[in-house]
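Structure below; questions to follow.
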Amino acid sequence: MDAFYASVELLRYPELRGQPVVIGGGRNATPDTLADGTRRFKRLRDYAGRGVVTTSTYEARALGVFSAMGMMKAAQLAPDAILLPTDFDSYRHYSRLFKEAVATFTTQIENRGIDEIYIDLSDLPGDPAETAARIKQAVRDATALSCSISVAPNKLLAKIGSELDKPDGLTILTAADVPPRIWPLPVRKVNGIGPKATEKLAAIGIETVGDLARADLELLQANFGRTYSAWLVEVAQGVDERPVVVSSEPKSMSRETTFERDLHPRQDRGELSAAFTDLCTRVADDLRRKGYEGRTVGIKLRYNDFSTVTRDLTVPLPTADAAEIRRAATECLKRVPLDRRLRLLGVRVTALLPAGSYIAEPQSVQGELPFAPD
């Protein structure tokens, strides 16, 4: 999907089309509705805090504002950009709509998140490019949003190709297209080559995929080891044998929040407690909505010096209950030092099972976990 969150917001606020818009503010970024029915929008220059950009429109990206960028840095680059709060309920709604539209063509779909999927078109009759065009139209009819599709021999090239002609792109890639279209790209465009690997490759003179394709194998092995080097050689040639995985079970569900200011466990107990309860509730809602329960509850704390600690606790029975999750998470909190200000707080549930699938073996009765009330 093209600039997915931002595009959903433009359905809500069509008067913002063509303007730089940044998504990522809190509730205080909600527009004001004036007496005449018009809306007054917040500007990025008025933002103060430590949040990060969730996404931005292409007009904001042209100014250098991208997802995961700190909001304060974004405000320096695009002070007049419109700032909007995130609304994940809406994004999930439109995600369901677009995936349901694709599912009318085939069930061979690999879910890669809220705004991205892989589709295996191998068994569908007709020209794949024509099928892709019909899928694009079906998504637009269902959501009023645009998407970009790449038809390619494998997932690696499809992923890269879907970015080449955004927005509203339809890109066809074959193996013959690798040298002219893929090799000129920077290596960071390959999914799986992250910032650290990109930096390390640049240090040995490899900046493009073409450089990687021509690189000496011994040089790569000396810097990256045999396994990763072998993978680098394959992807540089556009080789990827991974199948489309139609069904995959999630391993965990989590929620976390970065505070606008560092909070002290004692002095800001009320604010922290409310945030803690909210995170537990949201994780429980996610579990119930997706039909899962979990055996292990964990927390994540990041202190004001950026050090991070995690703790986990396995509970007797799988749960998707917010109170049970909070009870277990509270036990985890008792096992970490709470003597410094906190920058981030997170709650997660792992060891997931489909709801109702767990069969308990006979065991002695165990009391409830101790709970420290607010």
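What number of residues within segment 38-59 are among the polar types (S, T, N, Q) and more than 18 Å from the chain's Cα centre (by Cα)?
1
Which one of the conditions (1) among the polar types (S, T, N, Q); (2) free of Cβ contacts under 8 Å to residues at least 40 places away in the same chain; (3) closer than 29 Å to residue 60 by Cβ does residue 131 fail to meet, given that it meets all the rest?
Residue 131 satisfies all of (1) among the polar types (S, T, N, Q); (2) free of Cβ contacts under 8 Å to residues at least 40 places away in the same chain; (3) closer than 29 Å to residue 60 by Cβ except (3).
Please indicate, with yes or no, whether at least one residue in segment 358-372 is at pLDDT 95 or above and of a type in the set (D, E, K, R). Walk me through it before giving the result.
Step one: of segment 358-372, the residues at pLDDT 95 or above are none.
Looking for residues that are at pLDDT 95 or above and of a type in the set (D, E, K, R), one finds none in segment 358-372, hence no.
Which residues, counting only those in segment 1-34, are in contact (Cβ under 8 Å) with a residue 24 or more places away in the chain and basic (Lys, Arg)?
Once the filter is applied, which keeps residues that are in contact (Cβ under 8 Å) with a residue 24 or more places away in the chain and basic (Lys, Arg), segment 1-34 yields 12, 27.
While we're here: Just checking, which of 81, 62, 48 is in contact with a Lys or Arg (Cβ under 8 Å, 6 or more places away or on another chain) and among the hydrophobic types (A, V, I, L, M, F, W, C)? Before the answer, list the steps.
Numbers: 62 fails: in contact with a Lys or Arg (Cβ under 8 Å, 6 or more places away or on another chain); 48 fails: in contact with a Lys or Arg (Cβ under 8 Å, 6 or more places away or on another chain).
The conditions single out 81.
Looking at segment 8-59, which of the residues that are in a loop (DSSP other than H, G, I, E, B) and among the charged types (D, E, K, R) is farthest from residue 95 (Cα to Cα)?
Restricting attention to segment 8-59, the residues satisfying the condition of being in a loop (DSSP other than H, G, I, E, B) are 13, 17-20, 26, 30-31, 34-38, 41, 47-51, 53-54, 57.
From the residues that got through so far, the ones that are among the charged types (D, E, K, R) too are 17, 36, 50.
On the way: 17: 21, 36: 33, 50: 28 Å.
Among residues in segment 8-59 that are in a loop (DSSP other than H, G, I, E, B) and among the charged types (D, E, K, R), the one farthest from residue 95 (Cα to Cα) is 36.
Is there any pair linking a residue in segment 42-60 that is assigned by TED's automatic domain parsing to the domain that holds residue 9 to one that is of a type in the set (Phe, Trp, Tyr) and in a strand (DSSP E or B), with Cβ under 8 Å and at least six apart or on different chains, and which?
50/259
Let me ask another. Examine segment 42-49 for a residue that is crowded, with 18+ Cβ neighbours inside 10 Å and under 17 Å from residue 7 (Cβ atoms), and state whether such a residue exists.
No; the residues of segment 42-49 include none that is crowded, with 18+ Cβ neighbours inside 10 Å and under 17 Å from residue 7 (Cβ atoms).
Next up: Wholly within segment 99-206, which helices (runs of 4 or more DSSP H) include no fewer than the required count, namely at least 2 residues that are crowded, with 19+ Cβ neighbours inside 10 Å?
Result: 128-143, 155-164.
If I ask for residues that are farther than 25 Å from residue 345 by Cβ, in a helix (DSSP H, G or I) and over 21 Å from the mean Cα position of the chain (by Cα), which ones from segment 60-98 would you list? Reasoning before the result, please.
Our first condition is that a residue be farther than 25 Å from residue 345 by Cβ; within segment 60-98, this holds for 60-66, 76-82, 93-98.
Filter once more, keeping what is in a helix (DSSP H, G or I): 60-61, 76-77, 93-98.
76, 77 - these are the residues of segment 60-98 that are farther than 25 Å from residue 345 by Cβ, in a helix (DSSP H, G or I) and over 21 Å from the mean Cα position of the chain (by Cα).
For residue 68, state whether it is in contact with a helix residue (DSSP H, G or I) (Cβ under 8 Å, 6 or more places away or on another chain) and not assigned by TED's automatic domain parsing to the domain that holds residue 151.
Judged against the criteria, residue 68 is not a match.
Return the pair list, or none, for Cβ contacts closer than 9 Å from residues in segment 313-335 that are at pLDDT below 95 and of a type in the set (Lys, Arg) to residues that are surrounded by 20 or more Cβ atoms within 10 Å (Cβ to Cβ) and assigned to a loop (DSSP other than H, G, I, E, B), at least 6 apart or on different chains.
none
Every residue, every condition in (1) under 21 Å from residue 249 (Cα atoms); (2) hydroxyl-bearing (Ser, Thr, Tyr); (3) touching a Phe, Trp or Tyr at 6+ places or on another chain (Cβ under 9 Å), yes or no:
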position: 107; (1), (2), (3): yes, yes, no
position: 116; (1), (2), (3): yes, no, yes
position: 128; (1), (2), (3): no, no, no
position: 156; (1), (2), (3): no, no, no
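The values are calculated or read from the model by the stated rules, or taken from the named source; none is laboratory data. What you see is a predicted model, and the numbers here were worked out from it, not measured in a lab. When we count neighbours, we look across all protein chains shown, and the Cβ atoms used for this are built from the backbone with ideal geometry, even at glycine.
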